[in-house]
1. Collect the residues in region 41-77 that are touching a helix residue (DSSP H, G or I) at 6+ places or on another chain (Cβ under 6 Å) and of a type outside the set (Gly, Ala, Ser), keeping them in residue-number order.
2. Give just the number: which of (1) in contact (Cβ under 8 Å) with a residue 60 or more places away in the chain; (2) closer than 19 Å to Ala14 by Cα; (3) aliphatic (A, V, I, L, M) does Ile122 not satisfy?
3. From (1) surrounded by fewer than 23 Cβ atoms within 10 Å (Cβ to Cβ); (2) touching a residue at least 60 places away in the same chain (Cβ under 8 Å); (3) closer than 27 Å to Arg140 by Cβ, pick out the condition that doesn't hold for Gly60.
4. Any idea which residue in region 183-222 is nearest to Ile62 (Cα to Cα), counting only those that are of a type in the set (Lys, Arg) and within 22 Å of the chain's Cα centre (by Cα)?
5. Restricting region 153-181 to residues that are β-branched (Val, Ile, Thr) and not in a helix (DSSP H, G or I), which is surrounded by the fewest Cβ atoms within 10 Å (Cβ to Cβ)?
6. Looking at region 166-175, is at least one residue among the polar types (S, T, N, Q), without any contact (Cβ under 8 Å) to a residue 12 or more places away in the chain and closer than 21 Å to Ser89 by Cβ?
7. Of all residues in region 182-229, which are assigned to a loop (DSSP other than H, G, I, E, B), aliphatic (A, V, I, L, M) and touching a residue at least 12 places away in the same chain (Cβ under 8 Å)?
8. So which residues in region 99-141 are closer than 12 Å to Arg16 by Cα and in a helix (DSSP H, G or I), if there are any at all?
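The values are calculated or read from the model by the stated rules, or taken from the named source; none is laboratory data. Given the structure is predicted, the values throughout are model-derived calculations rather than measurements. Here the Cβ positions follow ideal geometry from the backbone for every residue, glycine too, while neighbour counts run over all protein chains shown.
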Amino acid sequence: MKLSELQPWQLKMAGRGEGFCELAPDDSEAERLRGISQYEEALWAGGVEFVAGLDEVGRGPIAGPVVVAAVILPPHILLPGVNDSKKLSAKKRWQLEPLIRRASVAWALAAVGPHEIDRINILAATKLAMCRAVKMLPVRPQHLLVDALELPLPLPQTAIVKGDAKSISIGAASILAKCHRDRMMAVYDELYPGYGLAGHAGYPTLAHKQAVWQLGYSPIHRRSFVLKPPKQAK
């Protein structure tokens, strides 16, 4: 990804998939996938074909954007490996990213950057990014499954606490969002060296806080997030 592709902060990317997956899970994986498809299966059984799962990555960091993915999967799909992105290795996420895009009916990504986060707060920025992602979907969803949030959109929706581990659609969205944000942070690591942005992705690790205390804020740091100086720097 080139730096030019990260601008403006109101990032918009979307596409259609093929709507099917040729990979077949083994019995134990199929059972697990059916277990995290219950929300979708209930909606599909009720005649709701286009169910969009939404998840965000980047609410906790002190630098970089919050990124949201929206994913519509075809009914009854069992996509091997899909899970909460936090439960997967980086290698597994990179492997699953193109499979999810190809197997989906439609997918979309949106982001809100640090300046807007500072202006409207991180919760509002997350909801804004989610609304943007939904509106970018090439296929209009009939129902939204959202990780723990309710969105100001005129669409039926279900908020699921820890939804990325309970919904296959939200899990798929968490993987796309995580991979895309990690790419963005790798680019910013090259643009703003010294902070280790590619390694910690903007989260407030001790090394990151020490770097901010020594170098000051970069243009992608969130100024509204309180950052106390590490004890070693006093």
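1. Passing the criteria: Val51, Leu54, Asp55, Glu56, Val57, Arg59, Val66, Val67, Val68, Val71, Leu73, Pro75.
2. Evaluating Ile122 over (1) in contact (Cβ under 8 Å) with a residue 60 or more places away in the chain; (2) closer than 19 Å to Ala14 by Cα; (3) aliphatic (A, V, I, L, M) leaves (2) as the failure.
3. Unmet for Gly60, out of (1) surrounded by fewer than 23 Cβ atoms within 10 Å (Cβ to Cβ); (2) touching a residue at least 60 places away in the same chain (Cβ under 8 Å); (3) closer than 27 Å to Arg140 by Cβ: (3).
4. The qualifying residue nearest to Ile62 (Cα to Cα) is Arg222.
5. First pass over region 153-181, keeping only residues β-branched (Val, Ile, Thr): 158, 160-161, 168, 170, 175.
Then drop every residue that is not not in a helix (DSSP H, G or I), which leaves 158, 160-161.
Details: Thr158: 15, Ile160: 19, Val161: 9.
If we take residues in region 153-181 being β-branched (Val, Ile, Thr) and not in a helix (DSSP H, G or I), then Val161 is surrounded by the fewest Cβ atoms within 10 Å (Cβ to Cβ).
6. No, the conditions are met nowhere in region 166-175.
7. From region 182-229, those assigned to a loop (DSSP other than H, G, I, E, B) are 192-196, 201-205, 216-220, 222-229; that's our starting set.
This time we only want the ones that are aliphatic (A, V, I, L, M), so: 201, 220, 226-227.
Result: Ala201, Ile220, Leu227.
8. Scanning region 99-141 gives Ile100, Arg101, Arg102, Ala103, Met136.
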